[in-house]
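Right, one structure below, let's go through it.
Coordinate-derived values only; no laboratory data. Being a predicted model, the structure only gives us computed values, none of them experimental. Glycine gets a Cβ as well: all are built from the backbone with ideal geometry, and neighbour counts include every protein chain shown.
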Amino acid sequence: MLLPWFKHLIPGVAVTTVLISIAPTQAQPSAFEALPDVTYWTDLCRLQASAKDYENALAACEQAIALEPEDADIWAQHSGILVSLDAFPDAIASANRALTFDPENSLAIAYQCVAYTSLGENETALDKCNDALRVNGNWGSENPALAWFYRGEILAQAQQYELALVAYERTLLLEPENSLVLTHQCKAYGALERSEEALDSCELALAIDQNWGESSPAPAWTYLGQAHTQLSEYDQAIFAYDQAISLDAKNALTWIAQGQVLEALRRDQEALVSYDQAVAIKADYALALLGQCTLLNRLGSYEPALAACDAASDGDGDWGNQTLAKAWNERSISLTGTQHYEEALASINRAVGIQPDYVAAHNHRSTIFWYLNRYPEALAANQQALYLDDTYAPAWFTRGLIFRATGEYGHALATYNRALALNPFNDWGWTNRSLVLWQLEQYEEALESAERAIALNSESVQAWYNKGVALSALGEYEGAIATYDNVLILDATHDNALTGRGIAWFHLEDYAAATTDLEAALALNPDNSLAQDTLTTLAKLSLLRHYQYHRRRRPDRY
């Protein structure tokens, strides 16, 4: 009889135990019903079990028991078939009958271990596996690999991964080409972040490609992807997850794992699709819903993000490698995006209450206070984030915002310099640094910062606008006009860019072009005071020019 490796497939990877489709019991031919040959019935039981015809195997085994009711081996085989039929209490009872006649029947004890594991009684199960291995008596047609494997499973479920690896190694000594055991070994290595060893185990499992039981290679591909993810080998990870999904598209956790890699690569739309697939499979899956909320926040879709975060909080409580505090933090981001700042503050307070050392939450709390113009509280929350981790670049960027808002431009510049030393690839940081430098009248450096931001993000409207302002301040009006043109390509409704371009035309003495841009700016925003003042100046200049013109022509009248 084959080992029932199909039980407890990869706990924690949302691979459910495969329920066997059982054909209706077929009666044995009547001519054989009373055949008093126990060997025939025993062999028939074993062969039908090997063919996974468990109902008929059970009937044959019971015929053998009727002929030899005190045969421990037949009772042990009977127990194994009941395990295969998920009849776990009956399997335990049959194993007990076997042990009545042979107290050292290790196979019967091992089946009890399997049955208790399946019933979630892991302490009893572990005792039974240990007993089977300690006695090391009669294993029938099997070997101790069964007990070693389930011992490893129980220890892995208890997160005792080092001990589980010892059990898997012992299993592989007996069955070195068992791909399923190698897959479980890969998972345990991954849980310990021994990524290279995890890669070796999963790759070997896939190369051997046999003895999967009722499973498939899909979990091996999933764990291979997780090992590549731990090593930041994201392209290989995505490939592995794609292979897993092609074999088992209903595994929500594989979709989640793929989504997290795509999220790390800033492939936001693709990541969102992966999270959507996970939610389609399991509608209340908290981890998947949190992934949706996070990506929707990043994409600026704050109202759908809020709905996803609320659904996550009401979900199944499975946060995977995330936390409930993360859900409250993302909910706060959604509320901030919809300008519900007081509600956002209440949510972020929940996040830091649940996890006081949550640096990102303290930093976001600081940002909310900044939105509320409560700068002393913003600075205090920011200081707490930096106290927890002074290498957390986003907190330094937030600190720069606070100093800029309070007019402390020297402090703001020093803070942005610190932030950009930690993360020089943040276009938003370079953009804000250019604003501070402009305020400090350091226009050349302001221009350089704006250009650094544009190099990182050529679609940053604010960075292009800052460059235009810096060029104007340097008197490079033609360059400023070309830069404002880029701003207006990206955002045709940018009234400040129209105003800036109008002022540049004014300095180049193209008053008609200046008037056109300034009037367009006021059409978009009648409260644009700079456009109003410049247009007023133009009108006065026009009157002056009119006066001077006529005075030259008719000096006697003036």
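Quick look at the values:
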{"quantity": "Helix 427-439 axis, angle to the chain major axis (alpha carbon atoms, nearest 10°)", "calculated": "20 degrees"}
{"quantity": "On Cα atoms only, tilt of 393-405 relative to the major axis of the chain in degrees", "calculated": "30 degrees"}
{"quantity": "Per-residue Cβ neighbour rank within 10 angstrom, fewest leading, S313, S215, S458", "calculated": "S458, S313, S215"}
{"quantity": "Whether region 241-324 is rounded, prolate or oblate, judged on the alpha carbon gyration tensor where a/c under 1.5 counts as rounded", "calculated": "oblate"}
{"quantity": "Gyration tensor (alpha-carbon) shape descriptor, the chain, a/c threshold 1.5", "calculated": "prolate"}
{"quantity": "Which of A158, G213, S141, positive extreme of dipole for the chain (C-beta unit charges)", "calculated": "A158"}
{"quantity": "In the chain, lysine pairs with alpha-carbon atoms under 23 angstrom apart (chain gap of 8 or more, or interchain)", "calculated": "9"}
{"quantity": "Karplus 3J(HN,Hα) series, Hz, for region 497-503 with 6.51 cos²θ - 1.76 cosθ + 1.60 (x for Gly, Pro)", "calculated": "5, 4, 5, x, 5, x, 5"}
{"quantity": "Those Cys residues of the chain for which no other cysteine Cβ falls under 4.7 Å", "calculated": "none"}
{"quantity": "CD proxy at 222 nm, helix term only [per DSSP H run n ≥ 4: -39500 (n - 2.57); per residue of the chain; nearest 500]", "calculated": "-23000 deg cm²/dmol"}
{"quantity": "Crossing angle, helix 179-191 versus the chain [Cα axis fit, 0-90 degrees, rounded to tens]", "calculated": "40 degrees"}
{"quantity": "Highest to lowest packing among 241-251, 287-297, scored as the average C-beta count within 10 Å", "calculated": "287-297, 241-251"}
{"quantity": "Prolate/oblate/rounded call for region 106-205, Cα gyration tensor, a/c under 1.5 rounded", "calculated": "oblate"}
{"quantity": "Residue-count net charge about Y285 - beta-carbon cut-off 9 Å; Lys, Arg +1, Asp, Glu -1", "calculated": "-2"}
